[in-house]
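Before any comments, here is the structure.
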RNA sequence: GCGCCCGUAGCUCAGUGGAUUAGAGCGUCUGACUACGGAUCAGAAGGCCGCAGGUUCGAAUCUUGCCGGGCGCGCCA
């Protein structure tokens, strides 16, 4: 929408294709369009602003030397003399690269586009409204959110933002695992703690949940429902604790996520799915399709026919459904709701479930590509060079709430996003807490706050900020200024790439780079200076940087403060 | 044993087919405001991109093998 680079790219591509056509090369290529011509940013200014290796790519097909092809293309581009808005000079370099040197107009267009688009700069329609259901976190409601859940929450929420900004229709979903045996264990654990609180002599079993949060729930139940509990029969009381503990845990999880700035469009209950008969229904359908057979008193799904290494059990010999049966029913339900693509963020310990689940969907007749699973690697917490131990069974683990209390939501979000999702993440608690240049979050936010401060200063000096948009941008000529604008120009592409590659960390890095360029500029050039035209132009530039910083921080789920 | 992920500067990691010179932060060393916020900036040192073949005009990037690390491989969720 406001992607100036896209305009540049199209201009270069149509120039090249015209050159190819007039030189007769295009005929030989067969099915070849403008989109097959790669246009790249150059790393060095000596190589121009953009370049294409098209001559090198075509060398094999055309059976000519790359340099020779490049020369032919460029010759025929010149003779045609297409109208160009941006390209000023074309040069052949190295083994056959065609380098494009642009007039400064494109940089001014970039700033104008940002001023015009504001908070929508970087958004696109790339996804064409494709409906995506993004499911993430989906932690068992048997304990507080931990830092692994926090990483999933940060990544999922950011990815949802990025996809949405890229033109996808995204719905975020949390699958509530409220049907399995672990809910009975949760209820029983709370019930036993309740009896303990009442002074009864109870031996708390090893299989129970050991954490102190269980005692908290038991105490709350006693405070709020003490009298009713006294009157209950054994069976009734067990059910009460199952429901009570579950709803408490869910409420706590929602609160933690909310504090972290993560909200879900849908909380989907596994129990409701099961109660509605969806699991038995899906098994029936699979049976009808001939994908199920009985062996050893169990029902097996022929997942091997869909690429699995062995078949999987759907119904156990005791008649219970396996988690796989439930998962297939759930994913079928998702697709029936009209989504084009299901994206799940799972932990690496669920790696083995990907193929069976996908096989289940294929067995139902859906394409395997309708399910995409992102395996988010675990993380380790480091404090003063020491690894912080986390053990759920012993009830000692760092919770999402602890993390937010310790380092704050913004720092936590950034640190959890800064690495590739398939890499182990080493989270340095000390660094995340530090308010210094070592901490990338503050470095970025500081750039944003600093720009706001400049604008406050300008206002105090009586500079008419309303005139900034109309300033003469030709006053911007310093390398530091032009480098910033090039970076700003690349932003829409960065968003698109991080959407396609599912890489929020890419934008985390982009934000850091942009902040760095601005800090560097700030230290060598004065924004507010004696030359009023230059001041206005630099204010426009600074304002554009602030806009893009705010936009990218928004996609990452991090605040963009005006003062710190 | 099989499958997936990872292996890049002392440390934590970007870069995943493009151009002498492979980047950033931390750490180490040297410097910079009586001027818009020093939570900043400028500079230096630091690399057989795990190892060995292959594909390619071109490989950190693709491929094969090996070495090292992590995680999976249930009628548990």
- Query: Taking the DSSP beta bridges in chain A as the whole, what percent of them are antiparallel, to the nearest 5?
  - Reply: 50
- FRET E, pair residue A:480, residue A:231, Förster distance 56 Å, beta-carbon r, rounded to 0.05: 0.15
- Item | Distance between the stretch A:521-544 and the stretch A:105-170 - C-alpha centres, whole angstrom | 32
- Query: Could you give the nm distance between label points at residue A:34 and residue A:128, where each point is 7 Å from its Cα heading toward the beta carbon?
  - Reply: 1.7
- Give the calculated FRET efficiency between residue A:293 and residue A:26 to the nearest 0.05, with a Förster radius of 60 Å applied to their Cβ-Cβ distance. 0.60
- Message: Could you work out the pair-distance distribution P(r) of the stretch A:437-556 from its alpha-carbon pairs, with 5 angstrom bin width and percents rounded to whole numbers?
- Response: 2, 11, 23, 22, 19, 12, 7, 3, 1, 0
- Task: Could you work out, for the stretch A:4-103, what percent of all Cα-Cα pairs fall into each 5 Å distance bin, beginning at 0 Å and stopping at the bin that holds the largest distance?
- Result: 2, 14, 27, 29, 18, 8, 1
- Query: Is it possible to state the helix-based mean residue ellipticity at 222 nm for chain A, with each DSSP H run of 4+ residues giving -39500 (n - 2.57), the sum divided by total residues, to the nearest 500 deg cm²/dmol? What is it?
  - Reply: -17500 deg cm²/dmol
- Note on the structure: Here, the stretch A:153-304 modelled as identical Cα point scatterers in vacuum has Debye log10 I(q)/I(0) at q = 0.16, 0.20 Å⁻¹ of -1.00, -1.16
- Tell me, what is the percent relative contact order of chain A, built from C-alpha pairs under 8 Å that lie six or more residues apart? 16
- Message: Using a 7 Å offset from the Cα along the Cα-to-Cβ direction at both residue A:197 and residue A:423, what is the distance between the two label points in nm, to one decimal?
- Response: 4.6
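State the extension gain, in nm to one decimal, for the chain segment bounded by residue A:464 and residue A:68, taking 0.36 nm per residue of separation less the distance between their alpha-carbons. Each step should come with its number before you reach the end.
On the way: separation 396, 0.36 × 396 = 142.56 nm, distance 5.54 nm.
Full extension from residue A:464 to residue A:68 adds 137.0 nm.
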- Given a Förster radius of 35 Å and the C-beta distance between residue A:559 and residue A:10 as r, what FRET efficiency does 1/(1 + (r/R0)^6) yield to the nearest 0.05? 0.45
- Cα convex hull of the stretch A:81-152: how many Å³ per residue? 258
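Between residue A:433 and residue A:497, what is 0.36 nm times their sequence separation minus the Cα-Cα distance? Round to one decimal in nm.
Gain in length upon complete extension: 20.0 nm.
Could you work out the equivalent-ellipsoid semi-axes for the stretch A:166-213, taking the square root of 5 times each eigenvalue of the Cα gyration tensor, largest first, in whole Å?
Over the Cα atoms of the stretch A:166-213, the semi-axes work out to 37, 11, 8 Å.
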- Item | Calculated over chain A: convex hull of Cα atoms, volume per residue (Å³) | 205
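How far, in nm, would the chain grow between residue A:310 and residue A:251 when pulled straight, counting 0.36 nm per residue and subtracting the alpha carbon separation?
Gain in length upon complete extension: 17.3 nm.
Values quoted throughout were computed directly from the atomic coordinates according to the rules given, and no laboratory measurement underlies them. In this text the structure is predicted, and so the values were computed from the model without any measurement. As a convention, Cβ positions derive from the backbone with ideal geometry for all residues, glycine included, and neighbour counts pool all protein chains shown.
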